[in-house]
Amino acid sequence: MNPVSGSQSERVKLIRRYLTDRLSELEKKEFEQQLTYDPILKNDTEFIRNLFVMYEQPELIKAGQTLLTLRSERLTEIKLKGNKAKPSHKPPRLIHKTRNLLIGSVMLLLLFFILIINNIIIFADHDQLFKNYLQPHPSIFSQSTSAPPNLRSAIYNYENSNWEEASRLFKQYTEVDPIYKFYYAVSTVNLSKSDYQEDLDRFIALKRELEANQPINKNLIAWVDYYIALINIKQGDFREGKQMINALAEKENLDTALHEVIDKMWLRLLFLFY
């Protein structure tokens, strides 16, 4: 593995894989060795790491812009000062700007740590993560008069988030087609309960069934993986859930609705150190 020899896009992709803990142990060791003697790679890595944080924290962007402005003004004054005779003392304006730069740097550092700690406190709550990102799979059914009444009713209740009734009705069709089994599982996981182990087992069994079917419905399997990851997080297994979300974020041609929620959740989980 040699990130220096690759294109810029390959370097960025490799850095992102390193920051999101998706390198093997050997690749990670090689990457960290290169960081010690490649200052450009090290700077790029820190820059991308900061971008991840600042993307989610507009306050940091604003503070950073202020500091860059102060830094630019100070550099301009220093340059002008070099073209003049050296004064016997620092100009008051330069002292004022230097003090502002120091204060701004300290404030930015404090703000950075406050926001990161706040981020971890808020989003480390597995119950809140589960509630925030429990997104129902969009209905793929159309209201057809040829469908049995109970199935039409199941679809209607699903689309209107009447989970208890949708779960009860879809259960009647779980042996007809795996898609009904999927919607039964989604309806059931949306019900309030204290234990989600049965839901986890149900999705895992469904994934095995879908992988055994031909042709393989990759999008549906990706949705199943998403629910498995959510349930893992709900039950406190952050590492497993985070790894599954990271893997989904790397996949191409995902369902649009799933792609959107994965992107949001991936950023939220990025700085949770589990």
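Overview of values
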{"quantity": "Cα shape, segment 162-230, gyration tensor, a/c 1.5 rule", "calculated": "oblate"}
{"quantity": "Using a Förster distance of 22 Å, the FRET efficiency for residue 176-residue 156 (Cβ separation, nearest 0.05)", "calculated": "0.80"}
{"quantity": "Cα gyration tensor category, rounded, prolate or oblate, for segment 130-270 with a/c compared to 1.5", "calculated": "prolate"}
{"quantity": "Cross-link reach list, aspartates and glutamates versus residue 193, counting only Cα pairs under 20 Å and skipping chain neighbours closer than eight places", "calculated": "125, 127, 164, 165, 201, 237"}
{"quantity": "Local electrostatic count, residue 188, Cβ distance below 10 Å [Lys/Arg +1, Asp/Glu -1]", "calculated": "+1"}
{"quantity": "Loop-located trypsin sites (Lys or Arg not before Pro) in segment 171-261 whose Cβ has at most 12 other Cβ within 10 Å (DSSP)", "calculated": "193"}
{"quantity": "Least to most buried among 156, 227 (fewest other Cβ within 10 Å first)", "calculated": "156, 227"}
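No value in this document is a laboratory result; all are computed from the given coordinates. What you see is a predicted model; the values in this text were computed from it and never measured. Cβ: placed from backbone, ideal geometry, glycine included. Neighbour counts: every protein chain shown.
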